[in-house]
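Inspection log for the structure reproduced underneath, given as structure tokens.
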Amino acid sequence: MQEQFYGAVEAGGTKVNLAVGSGPTDIVDSARVETTTPEVTIAAILEFFEPHRAKLQSFGVASFGPVRIDRAAPDWGRLLATPKQGWSGASFVLPLAERFGLPIGLDTDVNAAALAEHRLGALRGFRAGAYITVGTGIGAGLIEDGRAIHGMMHPEVGHIRVLRLLEGDDSFAGCCPYHGDCLEGLASGPSIQQRWGSSLSQLPNDHIAHRLIADYIGQACATLALTFSAGRVVIGGGVSHTPGLHVAIAARMRRWLNGYLTDRDVNADSFIVAPSLGDHAGLAGAMLLAEEAARHP
């Protein structure tokens, strides 16, 4: 009997990770393509999967957003008003469906990462948990009782407002084309580069950027602890690789909570952690989406 594989697509604003395998822990082929224009990027995705056509049984797509994940909607699978220039209205799932005619599971990249961390990583055992990615953009996936929370669309935590610190230079206008100084506009990788001309990890340890970025993200974690009642917050993405950032974020979160939620684990060092699956959480989540699509086409 011929072995059956799943196709996984983790589509971010900078790059798209691709994989073929029998599950999250058994990858037989993988690739990475740049997220340039929809035409060029999608053509590269289709080309990668074509040699595996005979063995594929479904796809899982974990896409940057906002994206329409409601299958009953006429624009299912299409990106909505995204800050990624040229991508509004584009779709990763529709070209795959047209080319291969296989079941496809779709969710946001952060929801997929949260799902993978819940099944396989740092969110195991928690009824409610959050995964925040801080990279080209900022987003959060929320998991409750083993399932991602969607609501009318899906959470867009990257675009919540955050307060400015009263001390130091905190007058940067922000880089979000929609809101300016929302969380993504102030703490994402591009905003750090635009503001200080460097990545966060390359700036000196005593640079005010470290304090400001930790404070912005700490506010978001406090908001999730208060509104979503998260039992743990996992923070991944390129910016999160900065040494000491998780500890600094936890300290600022507790500063904003100011002694509230003392009956919870927010004061524990294990409340804010790095992903157990590292940079592979999103792709592992896409594999899980593919498995689910195969079971329930």
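The values are calculated or read from the model by the stated rules, or taken from the named source; none is laboratory data. This structure is a prediction, so every number in the text was calculated from the model and none was measured. No Cβ is skipped: glycine too gets one built from the backbone with ideal geometry, and neighbour counts run over all protein chains shown. These accessible areas exclude ligands, DNA and RNA; they are computed on the full protein's heavy atoms, side chains included. Shrake-Rupley method; radii C 1.70, N 1.55, O 1.52, S 1.80 Å.
With only Lys, Arg, Asp and Glu charged, each at its Cβ (+1 for the first two, -1 for the last two), find how big the charge dipole of the range 1-157 is about the Cα centre; round to the nearest 20 debye.
160
Which peptide among 281-290, 251-260 comes first, and what is the full order, when sorted by highest mean count of other Cβ atoms within 10 Å?
281-290, 251-260
Which of (i) 30, 23, 16; (ii) 33, 21, 17; (iii) 27, 23, 20 is the computed semi-axes √(5λ) of the Cα gyration tensor in Å for the structure on display?
Entry (ii).
Considering the convex hull of the alpha carbon atoms of the range 59-218, report its projected area averaged over all viewing directions, in nm², one decimal.
11.2
Taking the dipole about the Cα centre of the range 49-192, with the C-beta of Lys and Arg at +1 and of Asp and Glu at -1, give me whichever of Trp76, Ser88, Asn111 is farthest to the positive side.
The residue sitting farthest along the positive end of the dipole is Trp76.
Return the FRET efficiency for the residue pair Glu47, Ala173: r is the Cβ-Cβ distance, R0 is 51 Å, and the value is rounded to the nearest 0.05.
Approximately 0.80, to the nearest 0.05.
Classify the range 81-155 as rounded, prolate or oblate, taking a ≥ b ≥ c as the square roots of the eigenvalues of its Cα gyration tensor: rounded when a/c is under 1.5, otherwise prolate if a/b is larger than b/c and oblate if not.
Cα axes put the range 81-155 in the oblate bin.
Where only protein heavy atoms count, and the probe is 1.4 Å, what is the accessible area per residue for the range 147-267 in Å²?
49
Please list, in order, the residues from the range 228-261 whose amide nitrogen is less than 18 Å from a point placed 7 Å along the Cα→Cβ vector of Arg127.
Correct set: 228-233, 261.
Please list, by residue number, everything in the range 38-77 whose backbone N is under 15 Å from a paramagnetic label point 7 Å out along Cα→Cβ of Val28.
Zone members listed by number: 49-59.
Could you work out the pair-distance distribution P(r) of the range 147-244 from its alpha-carbon pairs, with 5 angstrom bin width and percents rounded to whole numbers?
2, 12, 22, 24, 20, 11, 6, 2, 0
Whenever you get a sec, compute what percent of the accessible area on the range 72-197 sits on carbon and sulfur atoms (1.4 Å probe).
53
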